[in-house]
Amino acid sequence: MKVLVVDDSGIMRKIIIRSLNACGVSDICEAADGRQGLSTFQAESIDIVLTDWNMPEMSGLELLRAIRALGSQVPVIMITTEGEKQNVIEAIQAGVTDYLCKPFEQEDLRSKLDKYVAVN
């Protein structure tokens with residue numbers, strides 16, 4: 001399984017990657033914003049996308065819309081502090097697969113991954 005982690009915070013990417021490693025995931029690509037994430041998504045065979053919402057260049061929501069516009073149904077999990085009802089509705093309408101609120105526990109991430117992809 002190959003996971004794409006998209007977050008403008010290098011520290012947050014490291015936290016997510018460490019959590020993924022602890023869940024048995026080692027094939028991980030990372031990107032610092034949605035634009036880089038989309039480029040990586042198009043270049044690699046990605047099985048699941050974990051993306052932040054608020055980023056420069058291209059937000060997680062814009063990335064989600066771009067992935068769906070490509071016709072991809074790859075699971076996209078928004079990892080964010082954006083829990084306001086209107087934001088959740090907007091993301092659902094755009095085709096988000098699930099949400100994970102920051103801060104999160106490793107078991108929360110594992111539970112989300114288990115719902116959508118096979119984890120070792």
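The values are calculated or read from the model by the stated rules, or taken from the named source; none is laboratory data. Values in this document were obtained by computation on a predicted structure and should not be read as measured data. Methodologically, a virtual Cβ is constructed for each residue, glycine included, from the backbone with ideal geometry; neighbour enumeration extends over all protein chains shown.
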Restricting the range 91-115 to residues that are part of a helix (DSSP H, G or I) and of a type in the set (Lys, Arg), the one surrounded by the most Cβ atoms within 10 Å (Cβ to Cβ) turns out to be 112
Pairs needed: first member in the range 99-115, of a type outside the set (Asp, Glu); second member anywhere, at pLDDT 90 or above and part of a helix (DSSP H, G or I); C-beta distance under 7 Å; at least 6 residues apart or different chains. 100/108; 100/109; 100/112; 106/19; 106/22; 109/19
Within the bounds of the range 28-43, is there any residue that is crowded, with 18+ Cβ neighbours inside 10 Å, under 12 Å from the mean Cα position of the chain (by Cα) and either of a type in the set (Lys, Arg) or at pLDDT below 95 (or both)? no
Given the conditions (1) more than 14 Å from the chain's Cα centre (by Cα); (2) assigned to a helix (DSSP H, G or I); (3) among the aliphatic types (A, V, I, L, M), report the number of the one that residue 118 does not fulfil. (2)
Might you let me know whether the range 79-101 holds any residue that is in contact with a helix residue (DSSP H, G or I) (Cβ under 9 Å, 6 or more places away or on another chain), at pLDDT 90 or above, under 18 Å from residue 8 (Cβ atoms) and of a type in the set (Asp, Glu)? no
Taking strands (runs of 3 or more DSSP E) that do not extend beyond the range 1-90, which have at least 1 residues that are charged (D, E, K, R) and in contact (Cβ under 8 Å) with a residue 24 or more places away in the chain? 2-6, 27-31
Conditions first: (1) touching a strand residue (DSSP E or B) at 6+ places or on another chain (Cβ under 9 Å); (2) hydrophobic (A, V, I, L, M, F, W, C); (3) closer than 18 Å to residue 108 by Cβ. Residue 22 passes all but one, so which condition is the exception? (1)
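If a residue has to be of a type in the set (Lys, Arg) and touching a helix residue (DSSP H, G or I) at 6+ places or on another chain (Cβ under 9 Å) to count, how many in the range 1-26 make the cut?
Of the residues in that region, 1 qualify.
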